[in-house]
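One structure is given here, and the rest of the page talks about it.
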């Protein structure tokens, strides 16, 4: 019952649910999810109803309880995948990824659900090259980079002191140079992460099909020959009334109705 024990420490603000109510909702959701799994294994269509009820309880925990817990969103992603709701499955896996970014089960499930999407929008070659060259920025979790920066920054100062003490030796200078460069690289990574957090808001299309348009109204022409579908990921560029301007992974832009999508961090 990892989720039950973690709920008490992950509330972000003033919650509408008491800790006892949150624990009861969590227990009910887990029981319903397991019951749905058993019914599904027995070929009982009532499993879908149990899964929907479990999802509703987890959603209430996230909204009314104001809990931002990786296990909660991971469970929600699993339930929506069971319900064949690809958009909400990816949305909740992405939310879980912000809390437990290196969880192997989460990464496996997210990759599998992405492979089920109807829209396959490849990243530009330039982006793939950047992710390969700067793998430490893209692959290492934020917490690791923060701790790594503090460690190498302290080591750089240590070698700076050794340079003053051992002026005739070359190895303190080499150590100082190496750790200073590492600290600079990690500082640049953290600065880029913060800039990206402030300026790029990821989201996921939830509707089965949505016509992407060239402007913020149904009167505008479609941006593409085909509609976008559930599970397609994007970055928010602008919000205008009931419309969102989004950028796809290949940098194409369009407008979609707000009701057809949801941001990873609303």
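We did not get these values from a lab; they are worked out from the coordinates using the rules stated. Model, not experiment: these values are computed from the prediction. Here Cβ is always computed from backbone atoms with ideal geometry, including for glycine, and neighbour counts include all displayed protein chains.
Rounded if a/c is under 1.5, else prolate if a/b beats b/c, else oblate: with a ≥ b ≥ c from the C-alpha gyration tensor eigenvalues square-rooted, which is the stretch 201-263? It would help to have the intermediate numbers written out before the result.
Values: a/c = 1.25, a/b = 1.13, b/c = 1.11.
Rounded is the answer for the stretch 201-263, as its axis ratio a/c remains below 1.5.
Using alpha carbon centroids, what distance separates the stretch 115-165 and the stretch 212-230, in Å?
For the stretch 115-165 versus the stretch 212-230, the Cα centre distance is 36 Å.
Quick one: order 139, 260 by neighbouring beta-carbon count within 10 Å, fewest to most.
Values: 139 11, 260 18.
With the fewest neighbours first, 139, 260 line up as 139, 260.
Roughly how many Å is it from the Cα centre of the stretch 19-58 to that of the stretch 175-201, as a whole number?
Centre-to-centre distance over Cα atoms comes out at 43 Å.
Based on the Cβ-Cβ distance of residue 42 and residue 265, what FRET efficiency does E = 1/(1 + (r/R0)^6) give at R0 = 51 Å, to the nearest 0.05?
Details: r = 39 Å, r/R0 = 0.76.
So the FRET efficiency works out to roughly 0.85.
Taking the number of other C-beta atoms within 10 Å as the exposure measure, put 251, 229 in order starting with the fewest.
Numbers: 251 12, 229 16.
The most exposed by this proxy come first: 251, 229.
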